[in-house]
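A short worksheet on the structure shown next.
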Amino acid sequence: MATITDVETIARTYLRDFPKFFQVSFPVVGRTYELGHINIDTSTIWVAKYSGSGSASTLAPSDYTIDSRNGVVRLSNTLSSGYSLLVEGYYYEWVTPDDLSFYAKHAIEKHTSNLGFRLEEMSDVVINAIGIATICESLWALMTEFSRDIDVMTSESIHIPASQRFRMVQSLLSQWEGEYQRHAAALNIGFDRVEVFTLRRNSRTTNYLVPIYRSHVAQY
């Protein structure tokens with residue numbers, strides 16, 4: 001029985017956006033610290049304070065907040081002098097778990113709205129196609145974010161092609177959209193799904209309904 005977690009796993013596996021470990025330490029100066037990575041998986045974060053003697057004391061979740069999207073940790077209270085702050089956890093290169101879940105829900109809704117089946121009733125091949133649709137949703141969002149990148153040219157002829165990231169994601173999105181359309185057309189799913197209805201029309205000559213002819217089986 002498929003769940004949204006299966007859709008997310010398919011999308012993240014195809015994207016190759018797996019969690020990466022990080023560990024950073026800071027001398028205690030103020031309350032806010034940049035972790036050096038964005039898209040933090042808050043469920044894996046471990047925050048502790050330690051003294052020069054090497055003993056570490058884990059901070060309670062109420063002692064700090066994590067800005068997962070920007071990679072910032074903010075303490076509720078300033079630590080005493082003589083302590084350092086240690087933060088460990090995992091981050092993602094492109095998409096946070098919460099964002100991927102958001103994209104997966106939208107991809108699922110696009111396929112369950114006119115298909116007449118729940119996600120739990122769908123076959124593995126359809127789940128795989130929905131996972132690819134989740135990739136398209138994710139890349140659309142990334143492309144929107146990267147569209148704000150602007151190329152930089154300095155007076156020293158130093159060129160920083162920041163928009164190259166946008167073009168890369170745009171090209172990748174085009175490839176995955178083509179792959180999704182191929183799967184969707186073969187399985188007849190999604191917004192472009194072909195549906196057959198029984199229609200009757202009025203005759204242009206008589207303005208009466210055109211009769212429906214049915215085969216008749218003789219009974220003896």
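The values are calculated or read from the model by the stated rules, or taken from the named source; none is laboratory data. Nothing here was measured: the structure is a model prediction, and the numbers come from that model. FYI the Cβ positions are ideal-geometry reconstructions off the backbone, even for glycines, and counts take in every protein chain you see. For accessibility, only protein heavy atoms count, side chains too; no ligands or nucleic acids. Shrake-Rupley method; radii C 1.70, N 1.55, O 1.52, S 1.80 Å.
Descriptive notes on the structure:
- Filter result for ALA48 (of a type in the set (A, V, I, L, M, F, W, C), surrounded by 12 or more Cβ atoms within 10 Å (Cβ to Cβ) and within 22 Å of GLU145 (Cα to Cα)): no
- Cβ-Cβ contacts under 8 Å between residues 6 or more apart (or on different chains), taken from a first residue in the range 17-37 that is open to solvent by less than 70 Å² (accessible area, probe 1.4 Å) to a second residue that is of a type in the set (A, V, I, L, M, F, W, C) and not in a strand (DSSP E or B), are listed as ASP17/TRP94; ASP17/VAL95; PHE22/LEU35; VAL24/LEU35; VAL28/LEU79.
- Residue count for the range 93-121, restricted to those that are assigned to a loop (DSSP other than H, G, I, E, B) and open to solvent by less than 20 Å² (accessible area, probe 1.4 Å): 2
- Only listed residue being open to solvent by less than 70 Å² (accessible area, probe 1.4 Å), closer than 24 Å to MET168 by Cβ and touching a helix residue (DSSP H, G or I) at 6+ places or on another chain (Cβ under 7 Å), chosen from ILE127, ILE132, ILE40: ILE132
- Test: residue in the range 160-174 that is under 19 Å from ALA11 (Cα atoms) and open to solvent by 80 Å² or more (accessible area, probe 1.4 Å): yes
- Test: residue in the range 189-208 that is at pLDDT 85 or above and open to solvent by less than 60 Å² (accessible area, probe 1.4 Å): yes
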